[in-house]
1. Contact list please: Cβ distance under 7 Å, first residue in segment 48-76 and modelled with pLDDT under 95 and outside any strand (DSSP E or B), second residue open to solvent by 20 Å² or more (accessible area, probe 1.4 Å) and of a type in the set (S, T, N, Q), pairs at least six apart or on different chains.
2. So, in segment 104-123, of the ones that are outside any strand (DSSP E or B) and either hydrophobic (A, V, I, L, M, F, W, C) or more than 21 Å from Thr69 (Cβ to Cβ) (or both), which residue ends up least open to solvent (accessible area, probe 1.4 Å)?
3. Does segment 9-32 contain at least one residue that is small (Gly, Ala, Ser), on the phi > 0 side of the Ramachandran plot and within 13 Å of the chain's Cα centre (by Cα)?
4. Please specify each residue of segment 77-103 satisfying the condition of being surrounded by 14 or more Cβ atoms within 10 Å (Cβ to Cβ) and assigned to a helix (DSSP H, G or I).
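The values are calculated or read from the model by the stated rules, or taken from the named source; none is laboratory data. Treat the numbers as computed from the prediction; the structure is a model and nothing was measured. Glycine gets a Cβ as well: all are built from the backbone with ideal geometry, and neighbour counts include every protein chain shown. All accessible areas refer to the heavy atoms of the entire protein, side chains included, with ligands and DNA or RNA removed. Shrake-Rupley method; radii C 1.70, N 1.55, O 1.52, S 1.80 Å.
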Amino acid sequence: QVQLLESGGGSVQAGGSLKLSCTVASTYTFNSCGMAWYRQVPGKDRELISNITSDGTTTYADSVKGRFTISQSNAKDTLYLQMNRLETGDTAVYYCAAEWRFTYCSDGYYSNWGQGTQVTVSS
């Protein structure tokens with residue numbers, strides 16, 4: 001069983017920064033093969049903004065490259081998203097996701113999700 005819990009969201013002025021955290025509680029004896037941050041606004045599909053695999057490889061959506069940084073704790077039990085130079089377009093609910101199946105990780109598919117944390121950026 002897996003439980004993901006996001007925290008760190010809030011309201012910030014454009015140009016400011018926030019750092020999101022996702023704690024991982026799992027009954028598995030090994031770490032996930034991949035974790036990711038998604039975001040969603042009303043009326044739109046969830047958007048993949050960044051992911052990281054067990055070997056440390058990272059990807060970023062073009063919209064956040066150079067501004068956001070994904071990372072993990074040394075124990076791999078916490079996922080972070082450092083968000084700098086925030087823009088009003090970053091306003092969304094941000095979700096943490098994780099996967100333990102290698103084939104799913106290879107395809108960029110995540111089956112475990114947190115409840116989300118709201119990020120609101122004002123001009």
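1. Between residues of segment 48-76 that are modelled with pLDDT under 95 and outside any strand (DSSP E or B) and residues that are open to solvent by 20 Å² or more (accessible area, probe 1.4 Å) and of a type in the set (S, T, N, Q), the close pairs are Ser54/Asn31; Lys76/Asn31.
2. Cys105
3. Among the residues of segment 9-32, not one is small (Gly, Ala, Ser), on the phi > 0 side of the Ramachandran plot and within 13 Å of the chain's Cα centre (by Cα), which makes the answer no.
4. Asp90
Here is a yes/no grid of residues against (1) touching a Cys at 6+ places or on another chain (Cβ under 9 Å); (2) over 17 Å from Trp113 (Cβ atoms); (3) hydroxyl-bearing (Ser, Thr, Tyr):
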position: Val24; (1), (2), (3): yes, no, no
position: Gly34; (1), (2), (3): yes, no, no
position: Gln40; (1), (2), (3): no, no, no
position: Asp45; (1), (2), (3): no, no, no
position: Thr57; (1), (2), (3): no, yes, yes
position: Ala61; (1), (2), (3): no, yes, no
position: Gly89; (1), (2), (3): no, yes, no
position: Ala92; (1), (2), (3): no, no, no
position: Arg101; (1), (2), (3): yes, no, no
